[in-house]
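Notes follow the structure.
Read the figures in this text as sums done on the coordinates, not as results from a lab. As the structure is a computational prediction, the values presented were derived from the model and not from experiment.
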Amino acid sequence: MFKRKTKNWDKPFPEKVARRVAMLPTADLALWMEQAMSETNRSLGAYLKNGDIASVDEILIGAEAMNALASELKRRIML
């Protein structure tokens, strides 16, 4: 019935990722970031070793996840 104002999303990661990260407990953020770094590194290795083009998408997703996790951690610490 009422229209909500849509806020422009200006962050370098999807809003869906930000919503998911916001649900994580603060203590788990570093663990998730470590896992995202590991998976991103694995995908980068696959790209460099085999030239696997599909790995580039995984690298981008991992980078977005790490950015979202770091942003959320900073937001929580700054409060």
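Odds and ends about this structure:
- Based on the Stokes-Einstein relation at 25 °C and a viscosity of 0.890 mPa s, and on the Kirkwood radius from alpha carbon pairs, the chain is assigned a translational diffusion coefficient of 176 µm²/s.
- Extension gain for SER71 to THR26 (0.36 nm times residue separation, less C-alpha to C-alpha distance): 15.0 nm.
- At least 20 Å along the helix axis (C-alpha) and Kyte average at least 0.0, DSSP helices within the chain: 54-78
- Considering only alpha-carbon pairs that sit under 8 angstrom and 6 or more positions apart, the relative contact order computed for segment 25-78 is 45 percent.
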